[in-house]
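The values are calculated or read from the model by the stated rules, or taken from the named source; none is laboratory data. Every value quoted in this text rests on a predicted model; they were computed, and no experiment measured them. Note: ideal-geometry Cβ built from the backbone for every residue, glycine included; neighbour counts use all protein chains shown.
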Amino acid sequence: MEIPYTVEPRKDTGLYNAKVGIWLFLASEVMLFGALFSSYILLRVGADVGEWPRDLLNVPIGTVNTLVLICSSVTVVLGWAALKQNNFAKYRMFQTITVLCAFAFVGIKSFEYYDKFTHYQVITKDGKVYDGHLHSRTAEQVVLQGHEIDASKGKAEGVRKAQKADKHGKEIVIKTSDIQKIGNYGPKHNTYMSIYFTLTGLHALHVIAGALVIAYILWPGARMWKTEPERYANRVEVSGLFWHFVDLVWIFLFPVLYLL
Amino acid sequence: MKFAASGSQNGENRMQTSSAHAHAPTGDAHGSHPHHDEGGFLKKYVFSTDHKVIGVQYGITALVFLLVGFVLIMCMRWQIAYPGKAIPVLGGLLTSVFGDLASGGVMTPDLYNMFGAMHGTIMVFLAIVPLAFGAFGNLVVPLQIGAPDMAFPRVNMVSYQCYAAGCIVMVVSFFIPGGAAQAGWTSYSPLATAIPGMGQTFWLVGMVLLITSSLLGAVNFIATIIQLRAPGMTWMRLPFFVWAQFVTGFLLLLAFPPLEAAGLMQLADKVLHTSFFLPTGLAMGGELANISGGGSPLLWQHLFWFLGHPEVYVLILPAIGIVGEIVACNTRKPLWGYKSLVYSVLAIGFISFIVWAHHMYLTGMGTKISTFFQTTTMIISIPSVIILTCLFISLWGGSIRFNTPMLFALAFLPMFGIGGLTGLPLGFNYSDIHLHDTYYVIAHFHYVVAPGTIFALLAGVYFWYPKVTGRYMNETLGKIHFWVSLVGMNLVFMPMFYQGMSGMLRRMSDGGAMYSIAQTPNAIGGLSATIIKLNEYVTHAAGLLALAQIPFIINFFWSISNGKKVESDNPWQATTLDWQTPTPPPHGNFETVPTVVRGPYDYSLPGAKADFVPQNQNP
């Protein structure tokens, strides 16, 4: 006996097996990201006053990245529709754009990560807080391009106010012997950065995985189009469903992390 | 008469099957079936995509871990009863493996914590869930719904491999410097993060693998049950076991990802030094920890128990399903209230997602939240009681066959009943204040899982063994196994209720000796000598329970080649489709697609020739 409904849909459910599978998988993904979003809420509500950063991320860059992903979502649908119309060349063109969009997204995201890893906060022994991009760092001194922060209402709030007043700040030289604590805006900087890197990192992994699957179907896996066109179209559809989900996660991530 | 006739008919089927199987090409165009006859040992038994082989893989691995978990607790029980004395038999081995942690064969508190954490982890995630869901689900569900295999056979194989990898990581963690995780199976932060060593990191990596495995399994099971039901197998004709597995699949699918998220965050706390679960001002080792702080220890508990409570139903629902099948077959009458059973299982599935915080009454999360979760907890006991009542009433008026599987299934009912009812005082937050974190809790959930679920799983082993191997397990050994286990289980867990109500706390490596009145005279609320003395009796009873498993282990292996051969493909004269296949079922299970024409439990149908009518046959 062969496994039924691998290609053609079952009458009473109207679905083929893989489609049921991907929807179930996406349901569990909703719970995975849902748990992280819930954690975001609990961490934010529980944060000390003035310690939850706002306006920290670059909104224009985030907007561009959002548009890149939305564009890829459109091309995925167009590609699948072209395939259903037997237009393989058009399908290949659209899906190539999808994969390029995915690379563009990950590229822009890495630039944002790089920006955060070179963004430092220094607390001196006399209690002053400095914040800015690392200019240079030697054994004797640290040079930052940024501000001295008024941390009386919380460090994050102080950074926000200073950046609002003067975007670029000035060059600050701090002696290593004066430094009590120095660290970049990596995951351990505060709980906001922790959840930011966890959420966007996990999302980026999904983008990369989705792009790899789509690229595999597009090039090495394309032989199936000749032998089993219907099954091939199903594969494209299922990978597309996953891709839409990945985009949708970003549609929630963008306002939560960048705007709110 | 009918019995002999059906036997020979099935015998012919079997011959046809074997010849057809040898010649016909088994691989289909989609490449989802490998050619089983052509593959070597590796392909047939290790990298198999056949649901039955994967089921057996799951079963054997899980039974091994059931034994491992039992050995861990035996060492701990010795330490509880005789703190500071060398462990007999295993003491030398522990010293050579763990060095200072078990010098002279004596268990140190650190080793006790490690074994405690790993006993829980192994029993829940490596033994019982894989046995209940992975093994019985894989073996039985596709057969019962009349499917040739699971919907995604290769995903099924990967699911087992992820599980095996998770098992390896967990086992290896015992032998790394510092040893395995020590923060309990619940791994509460900040304790889990603060304990030095790599044990907790290994635990988390292992858990991510196990969660991936159960995620793949759950997707596969649900898709299989939705898509691959044989023609005529409508939802209300599904055997009860399939319903139980269906709901279990959803629980695993939706409850595990939050723990995966929590696991990733705790891993980040451990490796990247973030502060998801570490509050501001946390001191580690007497000094202020060098962390940003601002995290929430309660967040971990919420995420953990959001999995943890549905997980309880993952442990119990397949067991209830197995008991339902065995009760119907061995009372020779339909399950009483099939629809009530199905709706109750569905109700449990839904409600189990909104009861988790009843594990957290004492965390200070607030009385309003406690009240909500207390209410939902009381509500979920209703469908549980409906299920138990239906199964009890099913016995009424049946002509019961007291074979080994039925004995285990019958014992399940009162044992699970005791476990469930003793949970009610824990579900009320005012009585929980007294009982929280005592041996009462241990007794409660072990009554649910040990003489409850494990008895049902053993019943399932005895019941489906003839289908897998073509031979029965030995009845005499089986009955010895059953009666001694039943007595042993109750002697182990019943005294713990008393100890717990008297105030003996869990997780004390000396069994509460420090707190006893014997050691500190006039201590207020100290434990009496009787309570402490009970530790010794319980340990002896656990020894009896260990001895009771020896006949089972012998029986399990001996019967593979020496057991009584089955007279037909349907040795228990059961109605469900799993018994309407050749024995053992070939790759692809059924020779032709079965057409289902009736409900799952048409036993003793008036006017029928035999006292059972299979789902795919007319009377």
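Tell me, please, whether a residue that is in contact with a helix residue (DSSP H, G or I) (Cβ under 9 Å, 6 or more places away or on another chain) and modelled with pLDDT under 95 can be found in the range B:399-407. Spell out how you get there, then give the answer.
The first filter runs over the range B:399-407 and keeps only residues in contact with a helix residue (DSSP H, G or I) (Cβ under 9 Å, 6 or more places away or on another chain), leaving B:399-407.
Next cut, modelled with pLDDT under 95 only: B:399.
Looking for residues that are in contact with a helix residue (DSSP H, G or I) (Cβ under 9 Å, 6 or more places away or on another chain) and modelled with pLDDT under 95, one finds at least one in the range B:399-407, hence yes.
Kindly check whether there is at least one residue in the range B:208-231 that is free of Cβ contacts under 8 Å to residues at least 24 places away in the same chain, closer than 24 Å to B:I73 by Cα, of a type outside the set (F, W, Y) and surrounded by fewer than 24 Cβ atoms within 10 Å (Cβ to Cβ). No, because not a single residue in the range B:208-231 is free of Cβ contacts under 8 Å to residues at least 24 places away in the same chain, closer than 24 Å to B:I73 by Cα, of a type outside the set (F, W, Y) and surrounded by fewer than 24 Cβ atoms within 10 Å (Cβ to Cβ). Is the range A:224-234 home to any residue that is within 14 Å of chain B (Cβ to nearest Cβ) and not in a helix (DSSP H, G or I)? Yes, the conditions are met somewhere in the range A:224-234. Taken across the range A:125-143, residues that are free of Cβ contacts under 8 Å to residues at least 60 places away in the same chain, in a helix (DSSP H, G or I) and not basic (K, R) do not occur at all.
When every residue of the range A:7-19 is checked against the conditions, none turns out to be without any contact (Cβ under 8 Å) to a residue 24 or more places away in the chain, surrounded by 18 or more Cβ atoms within 10 Å (Cβ to Cβ), of a type in the set (S, T, Y) and touching a helix residue (DSSP H, G or I) at 6+ places or on another chain (Cβ under 8 Å). Looking at A:W250, A:W243, A:W225, just one residue is touching a His at 6+ places or on another chain (Cβ under 7 Å) and touching a residue at least 60 places away in the same chain (Cβ under 8 Å), and that residue is A:W250. If you go through the range B:305-323 and keep only what is within 11 Å of another protein chain (Cβ to nearest Cβ) and under 19 Å from A:L43 (Cα atoms), you end up with just B:F306.
Any chance the range B:139-155 includes a residue that's assigned to a helix (DSSP H, G or I), small (G, A, S) and either surrounded by 24 or more Cβ atoms within 10 Å (Cβ to Cβ) or out of contact with any strand residue (DSSP E or B) (no Cβ under 7 Å at 6 or more places or on another chain) (or both)?
no
Quick check on the range B:308-316. Is at least one of its residues among the small types (G, A, S) and either assigned to a helix (DSSP H, G or I) or in contact (Cβ under 8 Å) with a residue 60 or more places away in the chain (or both)?
First, pick out the residues of the range B:308-316 that are among the small types (G, A, S): B:308.
Checking the rest, the ones that are also either assigned to a helix (DSSP H, G or I) or in contact (Cβ under 8 Å) with a residue 60 or more places away in the chain (or both) come to B:308.
Yes: the range B:308-316 contains one or more residues that are among the small types (G, A, S) and either assigned to a helix (DSSP H, G or I) or in contact (Cβ under 8 Å) with a residue 60 or more places away in the chain (or both).
Pairs under 6 Å by beta carbon, first residue more than 11 Å from every other protein chain (Cβ to nearest Cβ) in the range B:241-260, partner in a helix (DSSP H, G or I) and among the acidic types (D, E), six or more apart or different chains? Sorted first by the residue in the range B:241-260, then by its partner, the pairs are B:F241/B:E325.
Is it the case that the range B:223-234 has a residue that's in contact with a Cys (Cβ under 7 Å, 6 or more places away or on another chain) and either within 14 Å of another protein chain (Cβ to nearest Cβ) or at positive phi (or both)? Write out each step before concluding.
As a first pass, look at the range B:223-234 and keep what is in contact with a Cys (Cβ under 7 Å, 6 or more places away or on another chain): none.
Scanning the range B:223-234, I find no residue that is in contact with a Cys (Cβ under 7 Å, 6 or more places away or on another chain) and either within 14 Å of another protein chain (Cβ to nearest Cβ) or at positive phi (or both), so the answer is no.
Looking across the range B:261-278, the residues that are surrounded by 24 or more Cβ atoms within 10 Å (Cβ to Cβ), within 10 Å of chain A (Cβ to nearest Cβ) and not aliphatic (A, V, I, L, M) come down to B:D269, B:T274, B:S275, B:F276, B:F277.
Being surrounded by 15 or more Cβ atoms within 10 Å (Cβ to Cβ) and aliphatic (A, V, I, L, M), is that true of even one residue in the range B:598-608?
Applying the first criterion (surrounded by 15 or more Cβ atoms within 10 Å (Cβ to Cβ)) to the range B:598-608 yields B:598-605, B:608.
Those still in the list that are aliphatic (A, V, I, L, M) too: B:605, B:608.
Yes; the residues of the range B:598-608 include at least one that is surrounded by 15 or more Cβ atoms within 10 Å (Cβ to Cβ) and aliphatic (A, V, I, L, M).
Of the residues making up the range B:73-107, those that are touching a residue at least 40 places away in the same chain (Cβ under 8 Å) and either β-branched (V, I, T) or in a helix (DSSP H, G or I) (or both) are B:I73, B:M74, B:C75, B:M76, B:R77, B:W78, B:Q79, B:I80, B:A81, B:V97, B:F98, B:L101.
Being at pLDDT 90 or above, surrounded by fewer than 15 Cβ atoms within 10 Å (Cβ to Cβ) and within 17 Å of A:N58 (Cβ to Cβ) is a property that A:S110 has. Using the structure shown, decide if B:T193 is within 14 Å of chain A (Cβ to nearest Cβ) and surrounded by fewer than 24 Cβ atoms within 10 Å (Cβ to Cβ). Criteria not met by B:T193. The number of residues in the range A:1-58 being at the interface with chain B (Cβ under 7 Å from one of its Cβ atoms), part of a loop (DSSP other than H, G, I, E, B) and hydroxyl-bearing (S, T, Y) comes to 3.
Could you identify the single residue in B:I351, B:I320, B:I380, B:I326 that is part of a helix (DSSP H, G or I) and touching a Phe, Trp or Tyr at 6+ places or on another chain (Cβ under 6 Å)?
Details: B:I351 fails: touching a Phe, Trp or Tyr at 6+ places or on another chain (Cβ under 6 Å); B:I320 fails: touching a Phe, Trp or Tyr at 6+ places or on another chain (Cβ under 6 Å); B:I380 fails: touching a Phe, Trp or Tyr at 6+ places or on another chain (Cβ under 6 Å).
Unique residue meeting the criteria: B:I326.
Restricting attention to the range B:368-377, the residues being of a type in the set (S, T, N, Q) and over 19 Å from B:D437 (Cβ atoms) number 3.
The one condition from (1) more than 14 Å from chain B (Cβ to nearest Cβ); (2) surrounded by fewer than 19 Cβ atoms within 10 Å (Cβ to Cβ); (3) more than 14 Å from A:Y130 (Cα to Cα) that A:K161 does not meet is (3).
Here is a list: B:L491, B:L477, B:L457. Which entry is under 20 Å from the mean Cα position of the chain (by Cα), under 25 Å from B:M74 (Cα atoms) and part of a helix (DSSP H, G or I)?
Values: B:L491 fails: under 20 Å from the mean Cα position of the chain (by Cα); B:L477 fails: under 20 Å from the mean Cα position of the chain (by Cα).
None of the others qualify; the one that does is B:L457.
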